[in-house]
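To start, the structure under review is shown below, and the notes come after it.
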Amino acid sequence: MHRETIKSNPLSSRQEVIQFLHALLEPLDNQFSAGEAGFSLGDTCAHYGPEIARMEGLSRALWGIFPLMASGDKEHFSDRYLQAVKAGTDPQSPAYWGEAGPYDQRFVEMAVYGLGLALLQHNLTDKFSEKELANLCRWLDQISTAVMPDSNWNYFAIMVQLGFKRAGLPWDEAVIHQRFTMMEAYYLGGGWYSDGEGRPRDYYISMAFHFYGLIYATLNNDDDPERAGELRDRARRFAGDFVYMSDEEGASIPFGRSLTYRFATVAFWSAVAWSGLDVFTPGQIKGLILRNLRWWRDKPLLDRDGIMTLGYSYPNLIFCEDYNSPGSPYWALKTFLIVALPETDAFWSATEQPLPERQTKHVIPQAAQIILHPPGGGQVYMLTSGQLELNNYVNTAAKYTKFAYSSRFGFTLERGRYGIKHAASDSMLLLCENDNYWRGRRECEQVLVTEDYIWSRWSPWQDVHIETWLIPCHEWHVRVHRIDSARHLQTAEGGFAVINGPEIHAAPDGCESLLCASNGTSAIRDLSPVVSRVPDYVVTPPNSSITFAECAAIPLLTGPVAPGISWLVSAVVATGERNKGYSCKPQFRMNENSFSVSDDGTETDVFVRL
């Protein structure tokens, strides 16, 4: 019933968004047990164990419930949750959430209680007795001196102190100053942070740093105007880049970890709307959020009981990180901050508008990314280098270090090192020593971002060094690899992955592998100056792709390289159109000290001096 309610919701008005939120929250009501301070939403496990996972599931639902309470609209959820919170923070209760240790997952969940106190103030504290409120504050105050990862986690302590202050409770300004100072060490300029010094630039920058930053800047502007102004200015700059991550249909480019939080990828835009940040029009912001919610509405996110599943666009445990418990996906509810805006707000009264006008190519040097919006391509995709999550979560190379990531075609996950069909060859150059154990790019030793290309240097073995240029060329992109190898190697380079099925049509033409599938067309064309590669394609196991459960088909170019210097060059393209033929195929020309890439030989687009 909940699935049908959600899928039939037009998601075009405030009331319909609230109905969507209700439809996500109502199945959780059946998970409560009397006297408990959490609920179990499944039998899978995270590294922090089931008891903390139960507390996490309950707490993450509050990202939707607290804004709903602040809206003034009628809701029937909060009493049950607040009773659970009282039990969970009472050290005399059998359901007590416990004392937190270093790097504890419970610190992550404390942020939402800071939001609740900051938004609702006495409307929340009045629901607690003096003792219950003291218990809540004591439990939350553990974060003030906590040992935590030096990353977006610093904002959790800030949110708690902001909540204390706004609710008229004892608070510590020094904690706020200390945590902001720590995060300043990884501000990169242009509105961009890394998620800790030297760590990736992924969706945590939007759904954490700027999301919390705009809440702080809005609610503490009077007492901290200089910092609030700076946070708003950084968010404004970031918005000019981040708008490129969405396509016309509402999909976001899947990239990096924690994508099981789904529509949290647009939580930043909800914070923009809620804070009244002067960037783009209310109608454009509204369109960005609602199109994304509608895109997710049509995906099989829920199990038969209406509970959000682990995965991306379908349930998929292969995809998950080791900190994903059954309740983790409910961080997606951060996007519902917009329901705290009244019906009369300019956001709700605005007519939904399409994306702002954007360039076909947008370079983001701070993130080592080039975002491409090919005309008529039915997707937006990213070329990238230089990112790696050093915590080495599951499939971290697939999530960060491929050459390209697409809003339409997503990416595939490695299912094993032996055999090319398991090796996640889409948007990668893989190499092996004739033993069918494949290696690809993991860590980049050097990266250079220009207006025309991204260059990286990487070494899959200590005596194999590869320089890669990723070059946009109209609807295509060109990859140039200079391989300096001390080994005899086999290579396989893949284009974008499409759905394999009875209707798939493979059309190799001697130098190009082109696949026509139900969800679009994908091609990779060999432009190598000396080495000739064989066009082929590979079919992966089911559930390898994050965007579709069916087996994926990946167009390939394969061939050997000998010891010494070799050059491999390919042109890659994909579109949502089926059976599309391609004109204006890129051309590659190499000279002694340079190479050039041109559109069908008619015009030199990029010239690179070696």
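The values are calculated or read from the model by the stated rules, or taken from the named source; none is laboratory data. The structure presented is a predicted model; accordingly, all values stated were derived computationally and were not measured. Glycine also receives a Cβ, built like all others from the backbone with ideal geometry; neighbour counts cover every protein chain displayed. What goes into the accessible areas is simple: the full protein's heavy atoms, side chains included, and nothing from ligands, DNA or RNA. Shrake-Rupley method; radii C 1.70, N 1.55, O 1.52, S 1.80 Å.
Annotations
- Within segment 116-131, the residues that satisfy the criterion of being in a helix (DSSP H, G or I) and within 23 Å of K334 (Cα to Cα) are G116, L117, A118, L119, L120, H122, N123, L124, T125.
- When R578 is tested against the conditions (1) of a type outside the set (S, T, N, Q); (2) under 21 Å from W438 (Cβ atoms); (3) touching a residue at least 40 places away in the same chain (Cβ under 8 Å), the lone failure is (2).
- Apart from one condition, S129 fits all of (1) open to solvent by 30 Å² or more (accessible area, probe 1.4 Å); (2) in contact (Cβ under 8 Å) with a residue 60 or more places away in the chain; the exception is (2).
- For segment 34-74, residues that are open to solvent by 60 Å² or more (accessible area, probe 1.4 Å) and assigned to a helix (DSSP H, G or I) total 2.
- Options I285, I253: the member that is more than 27 Å from S71 (Cβ to Cβ), touching a residue at least 60 places away in the same chain (Cβ under 8 Å) and open to solvent by less than 10 Å² (accessible area, probe 1.4 Å): I253
- Residue pairs whose Cβ atoms lie under 7 Å apart, separated by 6 or more positions or on different chains, with the first residue in segment 422-449 and without any contact (Cβ under 8 Å) to a residue 24 or more places away in the chain and under 19 Å from G494 (Cβ atoms) and the second surrounded by fewer than 19 Cβ atoms within 10 Å (Cβ to Cβ) and of a type in the set (S, T, Y), are N436/Y418; Y437/Y418.
- Conditions (1) closer than 23 Å to W63 by Cβ; (2) in a loop (DSSP other than H, G, I, E, B); (3) more than 19 Å from the chain's Cα centre (by Cα); number of the one not met by P170: (1)
- Considering only residues in segment 206-224 that are out of contact with any Asp or Glu (no Cβ under 9 Å at 6 or more places or on another chain), hydrophobic (A, V, I, L, M, F, W, C) and closer than 17 Å to L117 by Cα, the one that is surrounded by the most Cβ atoms within 10 Å (Cβ to Cβ) turns out to be F211.
- Considering F268, F280, the condition of being modelled with pLDDT of 95 or more and open to solvent by less than 10 Å² (accessible area, probe 1.4 Å) is satisfied by F268 alone.
- Flag if V539 is open to solvent by 30 Å² or more (accessible area, probe 1.4 Å), β-branched (V, I, T) and at pLDDT 95 or above: yes
- Filter result (assigned to a strand (DSSP E or B) and open to solvent by 20 Å² or more (accessible area, probe 1.4 Å)) within segment 546-579: T558, P560, G564, I565, W567
- Within the option set A368, A423, A398, being at positive phi and modelled with pLDDT of 95 or more holds for one residue only, A368.
- Top-ranked residue of segment 1-33 - restricted to ones that are at pLDDT 95 or above and of a type in the set (G, A, S), ranked as most open to solvent (accessible area, probe 1.4 Å): S12
- Segment 71-107, residues that are within 22 Å of A146 (Cβ to Cβ) and among the acidic types (D, E): D90, E99, D104
- The residues in segment 252-295 that are in a loop (DSSP other than H, G, I, E, B) and touching a Gly at 6+ places or on another chain (Cβ under 8 Å) can be counted, and the count is 2.
- Close contacts from segment 333-361, counting a first residue that is modelled with pLDDT of 95 or more and a second that is hydroxyl-bearing (S, T, Y) and open to solvent by 70 Å² or more (accessible area, probe 1.4 Å), with Cβ to Cβ under 9 Å and a gap of 6+ residues or different chains, come to E343/S349.
- K299, sole failed condition from (1) open to solvent by 10 Å² or more (accessible area, probe 1.4 Å); (2) within 20 Å of W331 (Cβ to Cβ); (3) part of a helix (DSSP H, G or I); (4) not hydrophobic (A, V, I, L, M, F, W, C): (3)
- Within segment 380-395, the residues that satisfy the criterion of being surrounded by fewer than 22 Cβ atoms within 10 Å (Cβ to Cβ) and within 16 Å of the chain's Cα centre (by Cα) are L388, E389, Y393, V394, N395.
- Residue satisfying condition, being open to solvent by 20 Å² or more (accessible area, probe 1.4 Å), hydrophobic (A, V, I, L, M, F, W, C) and either closer than 17 Å to H22 by Cα or assigned to a loop (DSSP other than H, G, I, E, B) (or both), within set L337, L355: L355
- P529 vs. criteria closer than 25 Å to A562 by Cα and open to solvent by 50 Å² or more (accessible area, probe 1.4 Å): yes
- Of the numbered criteria (1) open to solvent by 10 Å² or more (accessible area, probe 1.4 Å); (2) within 29 Å of P149 (Cβ to Cβ); (3) not hydrophobic (A, V, I, L, M, F, W, C), the one K402 fails is (1).
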